[in-house]
1. Shape of segment D:155-232 from its Cα gyration tensor (a ≥ b ≥ c, root eigenvalues): rounded if a/c is under 1.5, otherwise prolate when a/b > b/c, or oblate?
2. What is segment A:1-134 by shape, rounded, prolate or oblate, if you read a ≥ b ≥ c off the alpha carbon gyration tensor as root eigenvalues and call it rounded for a/c under 1.5, prolate for a/b larger than b/c, and oblate otherwise?
3. For chain A, what Kirkwood radius comes out of the mean inverse Cα-Cα distance, in Å?
4. Rounded to two decimal places and with Rh computed the Kirkwood way over Cα pairs, what is Rg over Rh for segment C:223-350?
5. What residue among B:P12, B:P106, B:P70 has the largest mean-square fluctuation in a Gaussian network model of chain B, using Cα springs under 10 Å?
6. At 15 angstrom or more along the helix axis (alpha-carbon based) and mean Kyte-Doolittle of 0.5 or higher, what helices does chain B contain? Whole DSSP H runs only.
7. Hey, can you grab everything whose amide H is under 5 Å from the amide H of D:R324? Only 5+ residues off in sequence or another chain; H modelled, so Pro and N-termini drop out.
8. Taking the Cβ of D:K201 as the center, what net charge do the other residues with Cβ under 14 Å away carry, scoring Lys and Arg +1 and Asp and Glu -1?
4 protein chains.
Amino acid sequence: MEAARIIRVNEPLEIQNLDTPKPKGSQVLIKVQSSGVCHSDIHLWEGGYEGVGGQIIKTTDRGVKYPLTPGHEIAGIIESMGEDVEGFAKNEKVIVFPWIGEGLCPACRIGEENLCDKPRSLGVYNDGGYAEYVIVPSYKYLVKIGDMDTDASAPLSCSALTAYGAVKNTQLKPNDNVVIVGAGGLGLMAMQLTKAVTGAKIIAMDIDDGKLEVAKQNGADFIVNSKKEDPIKAIMELTDKLGADAVIDFVNAGKTVETDMQILRRRARVVLVGLFGGALQLNLVTIPTRAYKIIGSYTGSMNDLVELVSLAKRGVIKPIISNRFKLSQATEALTMLKAGKIIGRGVINP
Amino acid sequence: MEAARIIRVNEPLEIQNLDTPKPKGSQVLIKVQSSGVCHSDIHLWEGGYEGVGGQIIKTTDRGVKYPLTPGHEIAGIIESMGEDVEGFAKNEKVIVFPWIGEGLCPACRIGEENLCDKPRSLGVYNDGGYAEYVIVPSYKYLVKIGDMDTDASAPLSCSALTAYGAVKNTQLKPNDNVVIVGAGGLGLMAMQLTKAVTGAKIIAMDIDDGKLEVAKQNGADFIVNSKKEDPIKAIMELTDKLGADAVIDFVNAGKTVETDMQILRRRARVVLVGLFGGALQLNLVTIPTRAYKIIGSYTGSMNDLVELVSLAKRGVIKPIISNRFKLSQATEALTMLKAGKIIGRGVINP
Amino acid sequence: MEAARIIRVNEPLEIQNLDTPKPKGSQVLIKVQSSGVCHSDIHLWEGGYEGVGGQIIKTTDRGVKYPLTPGHEIAGIIESMGEDVEGFAKNEKVIVFPWIGEGLCPACRIGEENLCDKPRSLGVYNDGGYAEYVIVPSYKYLVKIGDMDTDASAPLSCSALTAYGAVKNTQLKPNDNVVIVGAGGLGLMAMQLTKAVTGAKIIAMDIDDGKLEVAKQNGADFIVNSKKEDPIKAIMELTDKLGADAVIDFVNAGKTVETDMQILRRRARVVLVGLFGGALQLNLVTIPTRAYKIIGSYTGSMNDLVELVSLAKRGVIKPIISNRFKLSQATEALTMLKAGKIIGRGVINP
Amino acid sequence: MEAARIIRVNEPLEIQNLDTPKPKGSQVLIKVQSSGVCHSDIHLWEGGYEGVGGQIIKTTDRGVKYPLTPGHEIAGIIESMGEDVEGFAKNEKVIVFPWIGEGLCPACRIGEENLCDKPRSLGVYNDGGYAEYVIVPSYKYLVKIGDMDTDASAPLSCSALTAYGAVKNTQLKPNDNVVIVGAGGLGLMAMQLTKAVTGAKIIAMDIDDGKLEVAKQNGADFIVNSKKEDPIKAIMELTDKLGADAVIDFVNAGKTVETDMQILRRRARVVLVGLFGGALQLNLVTIPTRAYKIIGSYTGSMNDLVELVSLAKRGVIKPIISNRFKLSQATEALTMLKAGKIIGRGVINP
């Protein structure tokens, strides 16, 4: 089978011809039809993230090994199954939960494998979906998508799941307002989800008027262009001088979080999601006296994915797919994403 | 009535002779028998806290007005009552919940008046317990203490309540471990409470061997002197190289929190309580990838206080009172506390 | 002022001329503009509910005293205020939270006054809104409604609040289905709310095709006429033979709950709301082996009401008002309601 | 290998010689050292439970197939492992989580396999621990017990787990009181656990003075012999006429639950655990007006078991083992248990 792989960081991905895996036990072999292209794939490609003081946190220090087939947003059909697989049939359309854990840590024990101590995520620690086939360690990580489109379904397992996990972490009530920072693919999905399951008032913040217009169509009640107007003043006006009950920051850069911390109502939750990187000078006394909560949100659980598929099947949420690529265009896809030229989500069709 | 008041910041408290208030409506006049001396009284006395870069956050900017009678840990007997008071009788022994809110914000609506948008706490925004009498706006802020000692009961309403709020914010499970930073009055009470209601494993951290010995008697399973040994190495060893599931930091200074952030297991909760002040350089990417939660914890709710009184009445927890002062010794009490010479809790008996 | 009062149970209400109360302290006098007519007013009028074996639970045994001015769904404008009232102004439009508690029990301590041990609800234990004026014990029980219509707002404080409390008690997730039994005023509002804040799939059940048609417009995904088809078979078909994840029963009669218990998936929540009465023969072993939860739901909290007002202001929910009455028509209003002739909600305009 | 099996209901168990299974994939073969004897084994032996009106709910209707090797409380050492097993070694001492689910239902997705739609529990739907060896489908169902005794550990996976699940379902706060009905093995463990992790006040109720004495040593603050005194009056006196905040009924017979329903404070939780059987005439109106919750509690989750092992390792809880049997004495063990002659827990040592 063909796979687009990162052989060395920062070099073009190579199309390699690999043996097609044979599933055994509970394993399932998926014929990939759609594999989403995610910002974190860029970090894998670049070999790291930016930490404090410009220092780089290397992916290899976090356990990533190259060569690697990236791709953790995988939708396709079941090609073959190990002898212990139950409840699935050949040719069924599924998406894959890629945030697989070791199964023994407290997170895994309560179904939060995405937060496992020793993660073995597909497309990160194991080969993923930039390939014709991918092997999934157990049928328990599959969700049937019925007659949904695989292109629209693939991003449910990371883009939408991350947005959903973040929305859940805000614990929004209907009389809350939430500022969603970054009106890209994740931000827009977070707006749709906030609308669908919380009843809260949504304020979208971005530096791009075009994106903010799209935000309105995805559920934003108010928009703030933080490049054109003072974001702190704008939020205070929109919240009766009280501040935001919650902020979800899909950028999570020093500059955005610095603003976040100045627009908060007492008891506010600041949910940090993005991997842009950098550092924040955190005023320590303010945290207890204002009873703030700063919450790191990382993807979501298998159960969250099942909930998302349920919402997507009924049309309550609608992932936005904007660009389609062939397997041979994997490098091009990552390059475009890095340059900010993909609105919504890009998908590779191997 | 006599009251020990802060007239001007950083000057000795003055004993003033004030009119004894007359309760009306739902108000209750308490004859103060015991008024705890709290670290935050020092901040009121000094007029501020240390923020980022040594900058001072002034108490007057947060709404405090001088002259002020401090004292928010108040136990005494009911002297007289307004005509609408129900369920209480003259001479009944009570403690006072001082963290009174305006009653209209979302926090107040769910019984978390301690986190009100517009707090009117006794001893902070209104005159408190360093006085012979204190007026309480409603009988709803009183808890009967039966035949409990007022000296031992007074600290329940702040010292123990703050410890309890912090313990609740950690959401400890029996297979969790928690590092409690600071084995002073609050830390020791947090250990007692963790022992009483969570089943978690407790690691006490301090720089004073004497305090750490007391920690053992209050429930600590393990102790770490972070002055004598490398705290990061010590915690990793005590946690099978996994890190702490939770940290409660009763110091909350730049230096302690910097250590806190390096001893965390994935999904860890860092509960910041202390008002020591300073700043932390926060590595932003780590927050989502490690799924950390940084939680500011500020005192506790009226209901938490009722729970504490229940525990104290049955001897499950035992506040530690170490020093007793007369009203005229208020300045001395604050001076001793500031100098770190009070172990447990100091109490003024007006 | 005039008030329509129950002097003796089962006799026509009398219009009496009473002294208009004068507010003091935190009290507020409301000029009633709209007072909803609720099923539980009928129970007050009849003097009781049906318990086990046809036995009557008398309202007087539960602390109700006659003569009584009923009416707990009250919207109006502020006429005058006691000297301690804050944050409100004369002529402001408000609705009243009528489920007032004593303030000292554990329910009250966490803001659930509606579940107080010693309730003093307006229109039940104290005079309510079937009158030109009503006195409210504290401004803390008022919610500003801005320019919303008082007729549409009044039912928020019981009809919608009860529906909301019930929906919250089901703890619905987006991949859950919920059967809502009874497509009357409360049922329809529960459908709107389920749609607005849960993402769950809604199955409406009733015995009236007309009501079921309205249910569809209020958010029901599927409808079942339990008179025309076998409800158990119908629910099983709609749920892939798995059964309902949750049931909200707004009738709560022996017959409906008997059906409820036969359509449940393992772990299902059965939320009982209605006061129709009667008894159920409960199979005890099934409760643990199937892990069922039977949850009694009674109105909602002050905070829930604030959330509802927020949703109504933004048009997310829309109470349905169908009949308007003068104060002198109070008996007629109750008679029509009892006869099932009011669809949506009837409102008295004093 | 030898196994004590139920061939036909109500007949003595037979010792059969079966092929010792060979583990493959993630499977693990355990050499059983201790297998607890549980009340539900009697139901398997008798072929059913008592439902409404004396009607029998047959085990075969719930999917049980005979011949069956019972035994779901299994502790032993690892004999051999499939090729995919990780994190375990031959000869390690473990206990087994027997409440295995299919893995695809919502319960399994959140780590509550014990509440799976299609359970495949060991010793119930698959062969269990009344045998020299037992095969476990995955190493993920094992918990290491270090140097703990296998006899004392085995009951953690059902007896203690069921008690723990019940205690969790009560959601006890430190100022709550809880009535624990039935001071047998489960009741005593529930008392230990309530003491260890809730801080609530415990009232033990039973009809046997001897058992009630043991209850006191296991954490009961008060005891009530419901045979000798009026239980309703007794509970009301012990709770200041307020009633119980929660009841855990380890008997769950018509008679006990009838009493339970009469000792409840408003908002009380009634947790039903026992499988004694029978029916209750439930007064429907009372459920909403009193805001009661009736909660079925069935064993506990894998994560709960991990928490229990943590508590047991540190001696916070202490399972009580009273009788030891050989494999050939399985019928005798069940007979003694049925006759109420086992205090604490009986264990088979194959």
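Only the coordinates and a few stated rules stand behind these numbers; no lab work does. Only a predicted model underlies this, so the values are computations on that prediction, with no experimental measurement involved. When we count neighbours, we look across all protein chains shown, and the Cβ atoms used for this are built from the backbone with ideal geometry, even at glycine.
1. Note, shape of segment D:155-232 comes out oblate.
2. oblate
3. With all distinct Cα pairs of chain A included, I get 20.6 Å.
4. Details: Rg = 18.3 Å, Rh = 17.5 Å.
Using only Cα positions, Rg/Rh for segment C:223-350 is 1.05.
5. B:P106
6. On the way: long enough: B:159-170 (17 Å, 0.17); B:185-197 (18 Å, 1.08); B:302-313 (16 Å, 0.69).
Counting only whole DSSP H runs, the qualifying helices are B:185-197, B:302-313.
7. Here D:V347 satisfy the definition.
8. Within the 14 Å Cβ shell, the charges total 0.
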